[in-house]
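Novice: Before we start, here is the structure in question, set down as structure tokens.
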Amino acid sequence: MAKPDPQPVMAPRMIAISSGKGGVGKSTVTVNVAVALARSGLRVGIVDADIYGPSIPGMLGITENAPPAMSPDRKVIPSEAFGVKVISMAMLSDDDAPAILRGPMVTKYLQMFVRQVDWGPLDLLLLDLPPGTGDIQLTLAQAFPLTGAVVVSTPQDVSLKIARRGLRMMEQVNVPILGVVENMSGFTCPSCGSVTHIFHQGGGEAIAKELGVRFLGNVPLDPAVVDTGDEGKPLVISAPDGPAAMAYRGIAAALSEGTASDGDLSTPFAWTIADGSGKPAPVAAAPGGVPDRLTLLDHDQAGLILQWADGKEQRLAPRDLRIACQCAKCRDEMTGNRVLAPDAVPLGIAITRIWSVGNYALGMAFSDGHDTGIYTFGQLREMQGATLEDV
């Protein structure tokens, strides 16, 4: 009797937990939300993407000093606590050893933490990002198909202003904003129950409304947060009936809601034109979906065929795409002026490979050997090509 075909392993939803500045309690939010998700029955993992200042293992009571074990297929086996799987730079170095790494090595570790870890079946993979809008954030946005991002802020004005920058950065790389969390929103006196708004109040909800994103909730200050974090026992476990724990569970419930994938090509993909391998399957456009999401990517002798979620259709010639390349080899980085001479591009140039760059761009390789160009969806939509009706 023939064995049934194995069921395909679905990729987990990847959610980035970010903040514009440090000190807003982002990692504490990540840990407690992850444990709340796990206790609700979901399979959850955390990537501690703060390479230089990893803190997730300590908050979960993970104190392993030995290097992580390896699976038979040479993947790292993550640690686990409270039903949450974890990988972190803290597991690969001594407790007080600094991570002195240049950008390329940071990128290498981030790739390893996602792709070379034996996560097993997961429903959600939370990426605890370092504060800011730098190289790590951009690397993750380019390399992985993020389902969305959550921005954590405190109610004080300076934090909210910086949080706004983080929101805009995610928007620019087509990472959906799942919502805003206002942390440290007020201190509840354990004796009398009165609430003192140390950092003002309502700022997180106001910025979410201003930017048209969801407000996931506010988490009050709780003195037990410090103790439970130091003890490695998250607040949702040690004080499950407190207002902060209730807020974490509310955020977890919001994030556990499924995100429809209709209206967007499945990523990541790497399509070799010659043999068709890796070609992404078309998807149906979702009503009210994001306009600049691809629903179909195809190729024929006349060029690249694109269809978008809002119904727009294009056919772009390979030579036009090659001339439009914005990489440093083709454009002056300071002035933006074209360095590549159009006359140097052969009339019969062809596209040889196409791959996804996060949720916001395509990379392309051409028959002349050029393969360093990244074409954002916005750039592609603005290019003048023939519509499918013209052909």
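The values are calculated or read from the model by the stated rules, or taken from the named source; none is laboratory data. Given the structure is predicted, the values throughout are model-derived calculations rather than measurements. As a convention, Cβ positions derive from the backbone with ideal geometry for all residues, glycine included, and neighbour counts pool all protein chains shown. Please note that ligands, DNA and RNA were not included when accessible areas were found on the heavy atoms of the full protein model with its side chains. Shrake-Rupley method; radii C 1.70, N 1.55, O 1.52, S 1.80 Å.
Novice: At least 2 residues that are buried (at least 16 other Cβ atoms within 10 Å of the Cβ) and of a type in the set (A, V, I, L, M) in each: list the strands (runs of 3 or more DSSP E) lying fully within the stretch 311-369 that qualify.
Specialist: The qualifying strands (runs of 3 or more DSSP E) are 351-357, 361-366.
Novice: Being under 23 Å from S256 (Cα atoms) and assigned to a loop (DSSP other than H, G, I, E, B) is the filter here, so list the residues in the stretch 30-85 that pass it.
Specialist: S40, G41, L42, R43, A49, L60, P78, F82, G83
Novice: Across the stretch 370-384, what is the number of residues that are open to solvent by 40 Å² or more (accessible area, probe 1.4 Å) and not aliphatic (A, V, I, L, M)?
Specialist: 6
Novice: Follow-up question, since we're still on this one. Kindly indicate which of M246, M184 is surrounded by 15 or more Cβ atoms within 10 Å (Cβ to Cβ), modelled with pLDDT of 75 or more, over 22 Å from the mean Cα position of the chain (by Cα) and assigned to a strand (DSSP E or B).
Specialist: Step by step, each of M246, M184 is checked, and only M184 is surrounded by 15 or more Cβ atoms within 10 Å (Cβ to Cβ), modelled with pLDDT of 75 or more, over 22 Å from the mean Cα position of the chain (by Cα) and assigned to a strand (DSSP E or B).
Yes/no matrix, rows are residues, columns are (1) open to solvent by 80 Å² or more (accessible area, probe 1.4 Å); (2) modelled with pLDDT of 70 or more:
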position	(1), (2)
G258	no, no
S261	yes, no
A274	yes, yes
P287	yes, no
D292	no, yes
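Novice: Now a separate question. So for the stretch 217-225 (the condition being open to solvent by 70 Å² or more (accessible area, probe 1.4 Å), closer than 30 Å to W355 by Cβ and at pLDDT 75 or above), does at least one residue qualify?
Specialist: Scanning the stretch 217-225 turns up no residue that is open to solvent by 70 Å² or more (accessible area, probe 1.4 Å), closer than 30 Å to W355 by Cβ and at pLDDT 75 or above.
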